[in-house]
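Beneath this line is the structure, given in structure tokens, with notes to follow.
The values are calculated or read from the model by the stated rules, or taken from the named source; none is laboratory data. Just so you know, these numbers come straight off a predicted model, no measurement behind them. Here the Cβ positions follow ideal geometry from the backbone for every residue, glycine too, while neighbour counts run over all protein chains shown. Only protein heavy atoms, including side chains, enter the accessible area calculation; ligands, DNA and RNA are left aside. Shrake-Rupley method; radii C 1.70, N 1.55, O 1.52, S 1.80 Å.
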Amino acid sequence: MANNTILVVDDEVGIRELLSEILNDEGYQVALAENAEQARNWRNQIRPDLVLLDIWMPDTDGITLLKDWANSGLLTMPVIMMSGHGTIDTAVEATRIGAVGYLEKPIPLQKLLSTVGQALRGGQSKPIPTFSLASLGRGVLITELKKKLEQIINLKVPVLFMGEPGVGIEYCAHFLHHINTPWVEPESFSFLAENPLNLLEQAKDGLLFLREIGDLNKLEQKGLLLLLNKLEKYNVRLVCATTLPLAELTAQGIYNPKLYEVLSSLCISVPSLRMHREDIPELANQILSNYIESGEAPFIHFSTAALNTLRNYDWPGNLAQLTSAVHSLALTCTSSEISAELVQQTLAPPLSTAISIAPDIPLNVSLREARDLFEKNYFEKLIDQEGGNMTRVADRAGLERTHLYRKIKALGIKLRNQNS
């Protein structure tokens, strides 16, 4: 208990002093803040094990501060809201954002201690990762994207997200997911050819997310078409994603025209990172902060020149590549500041590692089969070149790790038992 630090945020000095005295007597370390600005400063200096946060404060209310922490990846500690005149709606809103408890003033002593103890015990587990659109940025394009998503969030029609690999489509899909309802994301598409309705049973009254539907074969496309016709019966919201040009695949006879017609009725493009590069410095700082918070990296920061270097890079692998690059920088930086030189070294392609990846592809196979042969050869050589380190493979391929593993599994590539 002596190692637990509790941050008390309240604009009333009497409340702060009373809570500090009680918690100190119980053996807790206590930090005090009278407004949101001071709370943010404390949060940046230390990682408190628990925050007691007043809802009504003069500069920024507690709900807004809670949202800010959640959106910037800083809600890594349990937060208990306090209010002398709160409402049920306010408590529900705070819980939805991420608060673990709610105390109404005046706070009974035993209620305070039991709620604090329970929150601290629960806070020992790792925080659940949050999927916020703030993880994509806050610029004009992302703001416009959010407006589109807010407009369709309560609709039940299928949605198709299109974008380059690594743009963060999963954040958009999670934005459309309603809390306390099923989220189903299958690892393979085999169910579409075998028993598509079984998945609808799992996703009943919730959301079904299908990644990279451009990879579906003919049987799987027929299964998806059948599934689409049963969505209303099971009350399922279908969200699909693709990095492939479905219109071109349809024109070439590779994709089912009827399936494409249905899926493209509500299609939203997720912008590439280079299209909103003004967001890159904030995103890089946010990603770095997450690694520091998790204890995976020491307390370090980017120099201004380093952030400018990141901003000016084109990021062919988009957000997934940026995340991998920041991870590498966080682990390899030997000083308290990440320099522009280190960023340039990390982003520079190896000079002596160019390899030929074009296999001898027969011309009597379909375009999909030819692409599979190419991709299998590409990933096998990339994995061999990186010694099986899947973090570096994902970085160079510009893919998220989960997408990379799905791709490798689909291509039938066997991985050696190596550290990744």
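Annotations
- Taken about its Cα centre, segment 133-271 carries a charge dipole of roughly 400 debye when the Cβ of each Lys and Arg holds +1 and the Cβ of each Asp and Glu holds -1.
- Anchor LYS67: aspartates and glutamates whose Cα lies under 13 Å away (excluding residues fewer than 8 positions away in-chain): GLU93
- Histogram of C-alpha separations across segment 173-301, 5 Å bin width, %: 2, 9, 16, 17, 15, 12, 9, 9, 7, 3, 1
- Size of charge dipole - the chain - debye, nearest 20, with Cβ of Lys, Arg +1 and Asp, Glu -1, no other charges: 1440
- Diffusion constant of segment 8-115 at 4 °C, which comes from Stokes-Einstein with the Kirkwood Cα-pair radius and 1.567 mPa s, µm²/s: 94
- Listed residues ILE22, ILE300, ILE280, most fluctuating in the chain (Gaussian network, C-alpha, under 10 Å): ILE22
- The mean accessible area for residues of the chain, using a 1.4 Å probe and ignoring ligands and nucleic acids, is 51 Å² per residue.
- Cα-based equivalent ellipsoid of segment 237-278: semi-axis lengths in Å, sorted from largest, via gyration tensor: 24, 14, 7
- The chain: most fluctuating residue of GLU278, GLU375, GLU93 per GNM, C-alpha cutoff 10 Å: GLU93
- Accessible carbon and sulfur surface of the chain relative to its total accessible area, %, 1.4 Å: 52
- Reduced Cα scattering model of segment 279-347, Debye log10 I(q)/I(0), q = 0.25 Å⁻¹: -1.16
- Calculated from backbone phi, Karplus (6.51, -1.76, 1.60) coupling profile of segment 39-51 in Hz, x at Gly/Pro: 4, 4, 4, 4, 4, 6, 7, 9, 9, x, 7, 7, 10
- Inter-centroid distance (Cα atoms) of segment 210-245 relative to segment 259-277, Å: 16
- Gaussian network model of the chain, Cα within-10 Å springs - most flexible of GLY295, GLY223, GLY139: GLY295
- The chain: proportion of alpha-carbon pairs further apart than 39 angstrom, %: 30
- Aspartates and glutamates with Cα under 14 Å of LYS233, excluding same-chain neighbours fewer than 8 positions away: GLU201, ASP205
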